[in-house]
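One structure is given here, and the rest of the page talks about it.
Where a number appears in this text, it was derived from the coordinates with a stated rule and is not lab data. Everything quoted here is computed from the prediction, not taken from an experiment. Here the Cβ positions follow ideal geometry from the backbone for every residue, glycine too, while neighbour counts run over all protein chains shown.
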Amino acid sequence: MMVFIKLMLAHLLGDFVLQPKGWVAAKETQKLKAPQLYYHALIHGALVYLLGWVGSLENWWLPALLITVLHFAIDAAKLLFQKETSKTKWFVADQFLHLASIAMVYWLCFDPLLDVTLLLQSPLLWIFITALLFLSFAASVIIRMLLRYWTKFLYDNPDDSLAMAGRYIGILERLFVFLFIVTGHWEGVGFLLAAKSVFRFGDLKEAHDRKLTEYILIGTLLSFGMAVVTGMLVQWATAVS
């Protein structure tokens with residue numbers, strides 16, 4: 001585990017501490033012609049090797065080389081394909097791919113106790129993947145379709161940025177509810193529901209619209225209900241598997 005933590009530390013230092021804003025701007029402007037892109041990748045490799053050397057661990061040259069190459073490839077792809085309107089999506093994808101590459105290097109170079117093949121055969125992994133996929137994307141579509149009849153009376157354009165923000169808020173709240181339930185902290189569900197009510201109180205008070213109040217209440221109860229039922233099903237499935 002200490003090895004993985006050091007790999008993560010090297011990533012955090014290289015991406016968020018030792019990368020000046022000027023480098024980021026230069027990379028976005030010059031793309032593959034920017035020398036800062038190559039300096040940045042080399043810094044990541046050097047950090048990996050340095051942190052491994054501090055702990056007197058052997059064979060750190062290979063993970064350092066792999067991290068350098070993989071980090072360069074991921075950043076290069078991001079610079080080539082991202083647009084001004086898709087920077088946020090590419091930032092998330094970029095960080096996800098970096099974390100995945102760190103995990104891959106960890107498994108390849110240090111032969112930890114965690115066996116990837118055994119992990120893929122674990123029913124718990126597939127139970128949680130299914131639950132998270134349902135609560136994030138599937139539940140959003142289901143709730144939108146169930147509320148579609150009322151949505152057209154409340155919003156002129158249901159697909160604008162505010163509606164998309166509501167979608168992501170719903171995804172996050174369901175994931176939080178799910179996390180609270182599978183970890184046995186039911187009180188967290190009540191806290192989250194109370195916090196959402198406080199944030200919504202001002203909007204509802206100013207709106208003086210009974211339809212909007214009922215619409216938000218139905219959507220909230222559907223969202224929380226799906227997360228609660230999914231969390232309970234996952235607890236049952238993990239108990240019997």
Task: Extension gain, residue 183 back to residue 129 (0.36 nm per residue minus Cα-Cα distance, nm) - done: 17.8 nm
Task: Neighbourhood charge, 14 Å Cβ-Cβ cut-off, centred on residue 20 and excluding it, Lys, Arg +1 and Asp, Glu -1 - done: 0
TODO: Hey, for a label at residue 84 modelled as a point 7 Å past Cα toward Cβ, could you say which residues of segment 21-51 have their backbone N under 14 Å away?
DONE: 29
- [ ] Would you tally the net charge around residue 135, using a Cβ to Cβ cut-off of less than 15 Å, leaving residue 135 out, and scoring K and R as +1, D and E as -1?
- [x] +2
Open item on the list: Just want the ordering: 75, 15, from fewest to most Cβ atoms lying within 10 Å of their own Cβ.
Closed with: 15, 75
Open item on the list: At a 10 Å Cβ-Cβ cut-off, how would you order 167, 148, 174, fewest neighbours first?
Closed with: 148, 167, 174
Open item on the list: At a 10 Å Cβ-Cβ cut-off, how would you order 6, 83, fewest neighbours first?
Closed with: 83, 6
Open item on the list: Relative contact order for segment 2-114: what percent, with Cα pairs under 8 Å and sequence separation of 6 or more?
Closed with: 28
Task: Cross-link table 78/196; 6/78; 83/196; 21/196, entries beyond 31 Å C-alpha to C-alpha - done: 78/196; 83/196; 21/196
